[in-house]
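Here is the structure we will look at, set down as C-alpha cells.
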Amino acid sequence: MSRVRADEEEYWHSSKFRAFTFDDEDDELSQLKESKRAVNSLRDIVDDDDDDLERVSWSGEPVGSISWSIKETASGSTSSLDGRDSSLQKGSSSYAALPKQASSYSLSSLFKGRNKLPSFQSLSDALTDTGVKNYAPELRRPKAEYKDYSSDWSPKDTVRRMQRGKVCSLERFRSLQDKLVLLDEAVAGHDGNVITAVLIFLKRTLRREILFRELEVRQVALCHLIHFLREMGEQKFLLDLLRFLDRTEEVALSQYREHLNIQDVEKRREFLKGCIGLPFSAEDTSHIQDHYTLLERQIIIEANDRHLEMAGQSELFRKYPRKASILNMPLVTTLFYSCFYHYTEAEGMFSSPTNLKKTFKIPDKQYVLTALAARAKLRAWGDVDALLTTKNWLGYTKKKAPIGFHRVVEILQRNNAPVQVLQEYVRLVEDVETRLNLATKYKCHDVVIETYRDLKDRIQLTAYKCKVERGSAEEEKINSILNN
C-alpha cells in the first residue's frame, strides 16, 4: 500500500512543463536536428538512388516525370539507339545545366511528398490542374474488326456481310467482271437494299453504255434501278436508260410526269400541248388530249367566275362563296363545280355541265351521281326530280336512276332531304327487303305500311303499329287496313 501511495504522490506532483531557462533554444535546435537525421535515414531506406543530382532529358523535362515518359515513348519509335548515345556524348558537358520547367512533376516528388514548385501542390491538385494535359494511350482495335475493311472478301462474302448490316467497301471490285459477279450475287440474295447499294456503286463507277448493256440482260436489277431513279428524281439518267432500252412509251410517260413540277398554269398548259405529240399509245394519247382540254376549260371558267365573285353580280356566289380554285382539279371535281354553280347554263357554254359531259364523254352513271350530289347539296329538289325523270318515245314520263334508287335515297338523306322527298324515291326501290330496310331506317312510315299491305302480312303490320305514335295518321291508316 505504501508503494502504491508513493506512485500516486509522484504522479500528482510531477509536471510535463519545465521552467524557463536560457538553454531552451539549444534544446529545440537539437530536437530539430534529430528529426532531420531521422527523416534522412528514412529517405535512405526508401530510395537507394542518389537524390542530390536530379536526372534530366535533353528536352529539359525531369527524367521519370509524366511528360518525359510520354515524349520518350513517342520518340522511341523514330530515334535510333545510336543517335541517343551520340547526343548524350555531345551534350554531356551541359548535363546539369539544362533548365527545369516549372509545370513538370517527377514521380519521385509525387510519391515522396516533395514538390519542385515554390508553393505546395498535392497529387490530386496536380492531376486536376487544367494547365496539365492528360495523355491516354490509344487502344488498338481488335484484329477481328479490321476484317470489315479487309480487301480479301469475295463477292459472295461481301453480299452476305452487307445483308447483316456490316460495313463493306466495294472499291476493291475494280474490274468489270468482279462488279458483274457482285451484282449477280446481290440479285441472288433477294435483298432489295443490297441490290440498290450495288447498283449505286455500278452507276458511279461504270460508263452509262456499259451499265445499260449489262442491265438489259438482268431484268431484276434493271427494275430496281428504274424504280430508284424515279424515286430520286434523276429524270435525265432515267430517260437515257429508257431510250437505250427502246421503251418509247415509258420515255413519253416519264416526260409527261414533269408537268407535276410546273406550278404556273400557262406554262403547264403549253407543256401539256407539247406532250400530245409524244409517242404514246392510242389510249394514252386520248388521255393527254383530254388533260390539255380540261386545263384549258378550267382557265376560262376560273377567270369568268373570279370576275363574277369579285363584282358580286351572282347571288349564288354571294350565298355560297367558292372555297378553292378550280385550276388543276380532276374532271369529276370540275363537273361537280359546274353542276353546283352553272347547272342551268346552255350547252354551248364551256362551263355548262352538259358541255363537259359531251366533250369528255362522261358516262350517264357518273354524270347522274355527280349532278345529284351537287343539286342535293343546294336542296334543289326540283332539279333532282328533273334529273331522274325521263320521257319515252310516246311522251310518257318515268323515273329512272342509273345508279339505283337505293343510292339516290342515301344521297338525299345525307343532304337532309325531307321525309316527303325520301318516301317518293324509297317507293321506287325494286327489292322489297331493301325497300323495307330503308323505309324503317329513315322512318318512312307510309312506305312500310303500304309494303306490308301489298304483302298481306297482317302480323308484321300489327307489330309495326306499336312503333308509330298513338293517334297519328299512320296508326289510323294501319287500323283501316286491318279492319278491311
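The values are calculated or read from the model by the stated rules, or taken from the named source; none is laboratory data. Remember, predicted model here, so these are calculated numbers, not experimental data. Here Cβ is always computed from backbone atoms with ideal geometry, including for glycine, and neighbour counts include all displayed protein chains. Each accessible area value is taken on the protein alone, full model and side chains, heavy atoms only, with ligands, DNA and RNA left out. Shrake-Rupley method; radii C 1.70, N 1.55, O 1.52, S 1.80 Å.
Within 13 Å, Cβ to Cβ, of L238, how many net charges do the neighbouring residues add up to if Lys/Arg are +1 and Asp/Glu are -1? Intermediate results must be reported in sequence, preceding the final value.
Numbers: positive: K203, R208, R230, K236, R243, R247, R257; negative: E231, E234, D240, E250, E258.
Within the 13 Å Cβ shell, the charges total +2.
Between beta-carbons, use under 14 Å as the cut-off and find the net charge around R414, counting Lys and Arg +1, Asp and Glu -1. The partial results should precede the final answer.
Details: positive: R375, K377, R379, R407, K441; negative: E410.
Value of the local net charge: +4.
Could you work out what % of the accessible surface of region 215-254 is carbon and sulfur, using a 1.4 angstrom probe and leaving DNA, RNA and ligands out of the count?
On the way: 1210 of 2210 Å².
Accessible surface attributable to carbon and sulfur in region 215-254 totals 55 percent.
Quick one: 3J(HN,Hα) in Hz for region 422-428, Karplus 6.51/-1.76/1.60 with θ = phi - 60°, rounded, Gly and Pro as x.
So the J values, rounded to whole Hz, are 4, 4, 4, 8, 5, 4, 7.
With 27 Å as the limit, write out which pairs from K399/K467; K400/K443; K377/K467; K365/K456; K273/K358 have Cα-Cα distances beyond it, or answer none. Mind showing how you got there, number by number?
Details: K399/K467 31 Å; K400/K443 23 Å; K377/K467 31 Å; K365/K456 36 Å; K273/K358 21 Å.
Over 27 Å Cα-Cα: K399/K467; K377/K467; K365/K456.
Give a residue-ordered list of calculated ³J(HN,Hα) values for region 294-301 (Karplus: 6.51 cos²θ - 1.76 cosθ + 1.60, θ = phi - 60°; whole Hz; x for Gly, Pro).
5, 5, 5, 5, 4, 5, 5, 5
Please compute the net charge surrounding Y337, taking Lys and Arg as +1 and Asp and Glu as -1 over other residues with Cβ under 15 Å from its Cβ. Each step should come with its number before you reach the end.
Working: positive: R297, R306, R322, K323, K357, R375, K377; negative: E302, D305, E309, E345.
Computed value for this residue: +3.
Let's test the formula: R0 of 45 Å, r as the Cβ-Cβ distance of A473 and V332. What FRET efficiency results, to the nearest 0.05?
Values: r = 42 Å, r/R0 = 0.94.
About 0.60, to the nearest 0.05.
Between their Cα atoms, which of K156/K236; K361/K391; K441/K477; K319/K357; K166/K203 are more than 30 Å away from each other? Write out the running numbers ahead of the final one.
Working: K156/K236 33 Å; K361/K391 22 Å; K441/K477 20 Å; K319/K357 26 Å; K166/K203 22 Å.
Over 30 Å apart, Cα to Cα: K156/K236.
Just by accessible area at a 1.4 angstrom probe, what is the order of S281, S169 from largest to smallest?
Working: S281 35, S169 70 Å².
From most accessible down to least: S169, S281.
Would you please state the base-10 log of I(q)/I(0) at q = 0.10, 0.16, 0.21, 0.24 1/Å for region 151-246, with intensities from the Debye formula using one equal scatterer on every alpha carbon?
-0.25, -0.63, -1.06, -1.33
Ignoring ligands, DNA and RNA, please state the percent of accessible area on region 363-442 from carbon and sulfur, probe 1.4 Å. Let's see the in-between values first.
Details: 2250 of 4620 Å².
Roughly 49 percent of what the probe reaches on region 363-442 is carbon or sulfur.
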